[in-house]
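In what follows, a structure is listed as structure tokens, so that the remarks can point back to it.
The values are calculated or read from the model by the stated rules, or taken from the named source; none is laboratory data. Being a predicted model, the structure only gives us computed values, none of them experimental. Glycine gets a Cβ as well: all are built from the backbone with ideal geometry, and neighbour counts include every protein chain shown.
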Ligand SMILES: [Zn+2]
């Protein structure tokens with residue numbers, strides 16, 4: 001699951017959000033939608049963004065591939 005880090009442009013709050021689809025992200029502190037995404041160290045390491053799936057079978061979901 002991709003975790004993204006955001007910074008609020010309003011109050012400067014740093015926070016992390018689990019992203020599902022294209023949901024609107026708001027600052028948990030001041031509810032502003034004026035936020036900018038940072039590159040998370042989590043997603044840099046293991047998780048590839050988008051439809052990475054499984055590296056050996058290329059499926060978008062590799063529950064059948066062990
Ligand atoms: Zn804020």
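Listed by first and then second residue, the pairs with beta-carbon distance under 9 Å, at least 6 apart or on different chains, first residue in the range 26-39 and without any contact (Cβ under 8 Å) to a residue 24 or more places away in the chain, second part of a strand (DSSP E or B) and within 8 Å of the ligand (Cβ to nearest atom), are 26/8; 26/35; 27/8; 27/35; 28/8; 29/8; 30/8. Out of curiosity, is residue 24 exposed (fewer than 12 other Cβ atoms within 10 Å of the Cβ) and at pLDDT below 70? No: the conditions fail for residue 24.
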